[in-house]
1. Scanning the range 25-40 for residues that are modelled with pLDDT of 70 or more and in a loop (DSSP other than H, G, I, E, B), which turns out farthest from P328 (Cα to Cα)?
2. Of all residues in the range 208-225, which are of a type outside the set (A, V, I, L, M, F, W, C), at pLDDT 90 or above and over 24 Å from the mean Cα position of the chain (by Cα)?
3. Pick out, from the range 553-638, the helices (runs of 4 or more DSSP H) lying fully within it that include 3 or more residues that are farther than 30 Å from F257 by Cβ.
4. Kindly check whether there is at least one residue in the range 225-241 that is part of a loop (DSSP other than H, G, I, E, B) and not hydroxyl-bearing (S, T, Y).
5. Take residues that are at pLDDT 95 or above and tell me which of the helices (runs of 4 or more DSSP H) falling wholly in the range 475-538 contain 1 or more.
6. Run A255 past the list (1) crowded, with 19+ Cβ neighbours inside 10 Å; (2) out of contact with any Leu (no Cβ under 6 Å at 6 or more places or on another chain); (3) small (G, A, S) and report the number of the one that doesn't hold.
7. What is the one condition in (1) over 30 Å from R246 (Cβ atoms); (2) crowded, with 22+ Cβ neighbours inside 10 Å; (3) among the aromatic types (F, W, Y) that F538 does not satisfy?
Amino acid sequence: MFNSGASVPAMESREPGPGPRMPRDPAIAAVLSPTRSLPLPPRTTAPGAVRVWPGEGSLWSWGPWHPGEVRTATCARARLVAVGQCLADARTMRQDLERSAADGHWERLTLWPGAYLLIVRHDQGRLTAYTDPAGQFPLYYAQRGDCTVLSTRATTAALLAGTADVADPTTLAAHIVCPTVPELVEGRTTLAGVRELGGGQTLRIDPSGSLHRGPYGGLGFGHSGTGFAETADRLRSALTASVSLRAAGPTRLTADFSGGLDSTSLAVLAAHVSSQPLDAFVYHHPETPAGDLQHARAYAAANPRIRLHVTRGSQRSLPYSEMDDQDPTDQPDPAAVIGARLRLRLAHIADGGRGIHLTGEGGDALLTAPPSFLADLPSSVGIRRLVRDGRALARMRKTSPAQTVLQALRLARTPKRQALDMLALRLEQPAQHDTHWLEAVAWWPPPGPEAAWLTTGMRRRLAELARDCARSTDSETALATTPAARAVLHELRNSAAVQRQLVDRARPVGIWPHAPFLDGEVVRACLSLPLPHRTDPFTVKPLLAAALAGLVPEAVLRRTTKGDYSAENYRGARMSAEDIRARLSSSPLADLGVIEPSRVIASLDRAVAGLSAPFPALNRLLGEDMWLVSRAGGKEWT
């Protein structure tokens, strides 16, 4: 049986002194050992820590959780905690726990509405964790000696494992230039020795201390045998239930309302079931308009149950503004460069009071097709469909239809191991041009000029990892067997990470962002239909349009454009160029051997001149720089 003490323990006694303290953010954590009792130095105890399950000390919780963010249930033979957005009622949780303890079918506990991390403590002494399908609520773990550290936050796991001061340069580099190839550093975090249990994964820790990790449940990936109409009905039911359950609570409900299909649809659904008019919010910068405001105003004017609020940007809210005034994050946040804009938006929402705020995050990942889906068409729906879709997409992207079709056929015959070998070559010999859309008809878009930002040694290291992956079949993304399924899974995980960071940034002002598209049943419904059947280059998100027909106005479902915020990026880069150069010149990423600052500054100068620049990669790099600086300054601790 696991031994546990009366507080979240440290891994070992430390010399007298102040020592590190727990991060101020809410967390659940444990240190488990099969062989010994654990020391409890008071200076490493989190203030206000309490047992998750009264009378049982395996897990401890602390920090400013939202009401309902941590929910528990117990029975004679087991106990559980659901962390995140579990929308099941207490009776259902207790009854299902009793049934699972009796028949051993524990995965039924992962099918409740909402999205949540589930941790189950069995009476035999085993502990099992299940992450939500999208990966919005991961679990972090580390080992030291015979101890296993668990936490809902990577920084807490690193503290308890004794590696809090050690970043992982290789993971940092991979996230900058190869974010769409998670296989390179799969399961690793930017903190050395700390692993992440990502979406749709389970971790079992036996009383002996052995760990067993792997997928559970399965996300379908088009293998359910259901047709388009049936899947649309399932998605309709899942989305309406997700919104209705959130609207039924006693807390204030608000929503994003960009005029785009995803957020606007959710807001309309919420307005239908809310007991009072829904406060909806759209961001607009008058000097660099993204094109959303006119749509949002038109849709809100047609629905008297929606009160539209416009958050107006200014020079202070531009990207790259106030980067030194950022709250520290658990992991690097690519959106940190737009922190000023996020703070402005969140403060505006919070003016009306605390509550749940709906976002459309996840809709694009589930309901649009990556370019690589063209390679799935010949084997699934035939060559005629490939020619039709390839021609349409090529015209939209102003490229050759013949080359597009040939590229898709070539991809259909390219094994993943060959693509990894090609990636290794691209890392060793960085491209001098931006990645073209046609190059994304591949297992993953190849790295562009940003690969040259890395030091020669780091590029060689990543190339070695790519070749190692090519020789290995042990991958958590192995369930996604085609390039398109793999790309969808990556986009889903990325959306979950974006939403997770938003939740953390909104917590200080009392706003709790929820993304119904990331709920487990919504994810399972969308992925149950093969990608070629749920997307169409001639129709924007046909599955969602069919699912919400009659509930959401046709004008919303027919919008074919999205807000374009690139003008803000260029304007912000010009306004903050001097600050960015100074930050890059002294970046700890250079000290870690990750980047050559002069090469990054050269790309920045291109952006300042109005030329093409890899802004997403620059944002990821600056997010890591800000994360490292905050850790070095001790800002992440209370």
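The values are calculated or read from the model by the stated rules, or taken from the named source; none is laboratory data. Here the structure is a predicted model, which means the values were calculated and not measured. Please note: Cβ atoms are built from the backbone with ideal geometry, for glycine as well, and neighbour counts cover all protein chains shown.
1. Only one residue tops the list, namely P34.
2. Within the range 208-225, just S210 meets the criteria.
3. 577-585, 588-591, 597-608, 615-632
4. Keep residues of the range 225-241 that are part of a loop (DSSP other than H, G, I, E, B), which gives 225-227.
Subsequent filtering for residues that are not hydroxyl-bearing (S, T, Y) retains 225, 227.
Scanning the range 225-241, I find at least one residue that is part of a loop (DSSP other than H, G, I, E, B) and not hydroxyl-bearing (S, T, Y), so the answer is yes.
5. Working: elements: 483-506, 520-527, 531-534.
In the range 475-538, 483-506, 520-527 are the helices (runs of 4 or more DSSP H) which contain 1 or more residues that are at pLDDT 95 or above.
6. (2)
7. In the conditions (1) over 30 Å from R246 (Cβ atoms); (2) crowded, with 22+ Cβ neighbours inside 10 Å; (3) among the aromatic types (F, W, Y), F538 misses (2) alone.
Okay, residues lined up against (1) free of Cβ contacts under 8 Å to residues at least 40 places away in the same chain; (2) under 20 Å from V503 (Cβ atoms); (3) in contact with a helix residue (DSSP H, G or I) (Cβ under 7 Å, 6 or more places away or on another chain); (4) in the same structural domain as I356 (by TED's automatic domain parsing):
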| position | (1), (2), (3), (4) |
| --- | --- |
| R79 | no, no, no, no |
| D89 | yes, no, no, no |
| H105 | yes, no, no, no |
| I119 | no, yes, no, no |
| D123 | no, no, no, no |
| T128 | no, no, yes, no |
| D132 | no, yes, yes, no |
| Q136 | no, yes, yes, no |
